[in-house]
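Visitor: The structure under discussion is supplied below as structure tokens; questions concerning it will follow.
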Amino acid sequence: MKIAVFTDIHGNLKALKSVLEKIKNKKADKAVFLGDIFQRGNDEIECLELLKNSSAICLKGNCELYLERGRLGRRVISFD
């Protein structure tokens, strides 16, 4: 079984599209994203939507946890 693992997209839609295309071309059985969609790039929402519509298993990274809970650990938004 081939498993593709990737992380730290940080709003870079061009890079995310490239990674997902490479995963498809390599015929990976599963793709796992280890987090950090947000915090730096210009296309964070587009990256989130693309990952939501992909078959990748997505874990929250520290950037998602900061966005969700704020710096003080209180829930601010929900990704559900």
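The values are calculated or read from the model by the stated rules, or taken from the named source; none is laboratory data. All figures in this text were calculated on a predicted structure; none of them were measured in a lab. Note that we place each Cβ from the backbone using ideal geometry, even for glycine, and neighbour counts take in every protein chain shown. Side chains included, ligands, DNA and RNA excluded: accessible areas come from the protein's heavy atoms. Shrake-Rupley method; radii C 1.70, N 1.55, O 1.52, S 1.80 Å.
Visitor: Which residue is farthest from the chain's Cα centre (by Cα), if the candidates are limited to region 1-15 and must be at negative phi and surrounded by 13 or more Cβ atoms within 10 Å (Cβ to Cβ)?
Guide: So, considering only residues that are at negative phi and surrounded by 13 or more Cβ atoms within 10 Å (Cβ to Cβ), the one farthest from the chain's Cα centre (by Cα) is Ala4.
Visitor: For Lys60, indicate whether it is open to solvent by 90 Å² or more (accessible area, probe 1.4 Å) and in a helix (DSSP H, G or I). I'd like the intermediate steps shown before the answer.
Guide: Numbers: open to solvent by 90 Å² or more (accessible area, probe 1.4 Å): yes; in a helix (DSSP H, G or I): no.
So Lys60 does not fit the description; no.
Visitor: Between residues in region 25-37 that are β-branched (Val, Ile, Thr) and residues that are assigned to a loop (DSSP other than H, G, I, E, B), which pairs lie under 6 Å by C-beta distance while being six or more apart or on different chains?
Guide: Taking only residues 6 or more apart or on different chains, the pairs are Ile37/Ile9.
Visitor: Moving on. Pick from region 16-52 the residues that are in a loop (DSSP other than H, G, I, E, B), at pLDDT below 95 and out of contact with any Ser or Thr (no Cβ under 7 Å at 6 or more places or on another chain): which of them is most open to solvent (accessible area, probe 1.4 Å)?
Guide: Arg40
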